[in-house]
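Just so you know, all these numbers are worked out from the coordinates, no wet-lab data involved. None of the values given here were measured: they were computed from a predicted structure. Don't worry about glycine lacking a Cβ; one is built from the backbone with ideal geometry, like all the others, and counts go over all protein chains shown.
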Amino acid sequence: MRFGIDLGGTKTEIMALAPDGKVALRRRISTAKDYESAIRTLTELVTGAEGELDSFGSVGIAIPGSESFGSDKINTGLIKNANTTYLIGKPLRQDLEKALGREVRLANDANCFALSEASDGAAAGAGTVFGVIAGTGVGGGVVIDGKVLGGAHGIGGEWGHIPLPAPSVEEVTEAPLCYCGKRGCLEVWCSGPALARDFLNDPLRPSLAREPATATSPFEKGEDPAWTAELIAASDHPAAIAAVDRLVDRFARAMATMVNILDPDVIVMGGGLSNVERLYRDLPPLVETYGFNLGGPPKIVKNRHGDSSGVRGAAWLWPA
């Protein structure tokens, strides 16, 4: 049995894959709020699944960051570049191996996502695949001829922390601070929380508490629900449409920069924002406009395996 875990920013999912690749178990919980709780929760997920299935298995984990490796012997094995910031500087793999009593394999969540979709998902058979995760954060993974391009320092494909290309004057002066310590990273412009922040800063946005319930504002008077990225994307309010317009344009500028370097056969989108259908209609021609003489719009598709691509890729970190 192979156990894969996707340690996301808000949700953590475990999946058990039988030897034939069929899903034997799948469970999702809220992500722990601190490191000690994360170790305990991840351990309980695995041991609980093994008890339920009466089967011992390998463990692979997709994480929102990467392990340090290379010439720095002191920091090798510590987590870096994680938007779940309590993981940074922690020996996650070693602690889990101690708790579970076996070897554990870790990989960046975007790499797991890209590998899964390139193997038997929406980009199956493509030579060069760029996998985009856009949800709580923004990440990316590159797969070439079926193999992940990790890079010399384990950050291959991490486009979430490039500066937003061709920023306007307002985007320069109003660039939010990123958790990484820099301002204006793509993640602070193109993630789900970024869309919500952009919309909430619009003085023309509606206050749901003052509106009657409608198809696009499905709340009763007196309630004051949080505007989520999904709700904003589905709304026909002018302020919501304008916020999504800005999101699409920012994504297009960033994708054009990436396309100029990689020229991928397929771009596969994952994460919560992959459910925004406008992206697949509006992004390809706009990316072509911003790109360097592409000669045609890029192929941008929605993932096939939903938000389980990361957890499936984590399970397959162990070969057959």
In nanometres, what is the gap between the two model label sites at residue 304 and residue 179, each 7 Å from Cα along Cα-to-Cβ?
3.1 nm
Once the Cα atoms of region 72-135 are picked out, what are the Rg and Dmax in Å?
15.0, 40
Which one of 149, 19, 126 has its Cα pushed farthest toward the positive end of the charge dipole of region 14-172, where Lys and Arg give +1 and Asp and Glu give -1 at the Cβ?
19
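What is the magnitude of the charge dipole of the chain about its Cα centre, with +1 placed on the Cβ of each Lys and Arg, -1 on the Cβ of each Asp and Glu, and no other charges, expressed in debye to the nearest 20? Mind dumping the intermediate values first?
Numbers: 31 positive and 39 negative charges, 91 e Å.
Charge dipole of the chain: 440 debye, to the nearest 20.
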Estimated dipole of region 75-136 in Debye, rounded to 20 [Cβ of Lys and Arg +1, of Asp and Glu -1, Cα centre]
280 debye
Taking the Cα centre of region 122-303 as origin and charging only Cβ (+1 Lys, Arg; -1 Asp, Glu), how large is the dipole, in debye to the nearest 20?
260 debye
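Rounded, prolate or oblate: which fits region 122-303, taking a ≥ b ≥ c as square roots of the Cα gyration tensor eigenvalues, rounded meaning a/c under 1.5, else prolate when a/b beats b/c? Each step should come with its number before you reach the end.
Values: a/c = 2.01, a/b = 1.72, b/c = 1.17.
Since a/c reaches 1.5 and a/b is larger than b/c, the shape of region 122-303 is classed as prolate.
Output the antiparallel fraction of DSSP beta bridges having both residues in the chain, as a percent to the nearest 5.
That works out to approximately 60 percent antiparallel.
Going highest first, how would you order 151-160, 171-180 by mean Cβ packing within 10 Å?
Result, highest mean Cβ count within 10 Å first: 151-160, 171-180.
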What nm value, rounded to one decimal, do you get for the distance between residue 120 and residue 103 when each label is placed 7 Å out toward the C-beta?
2.3 nm
If packing is taken as the mean number of other Cβ atoms within 10 Å per residue, what is the order of 130-143, 37-50, highest first?
130-143, 37-50
Could you check which residue among 23, 287, 268 shows the biggest mean-square fluctuation in a GNM of the chain with a 10 Å Cα cutoff?
23
(1) 32, 24, 20; (2) 27, 23, 20; (3) 31, 28, 15: which one is semi-axes √(5λ) of the Cα gyration tensor in Å as calculated from this entry?
(1)
Which residue, 228, 38, 305, has the largest displacement toward the positive end of the dipole of the chain when charges sit on each Cβ (Lys, Arg +1; Asp, Glu -1)?
38
Tell me, how many Å apart are the Cα centres for region 231-300 and for region 24-91?
31 Å
For the chain: lysine pairs with Cα atoms under 25 Å, gap of 8 or more or different chains, count?
22
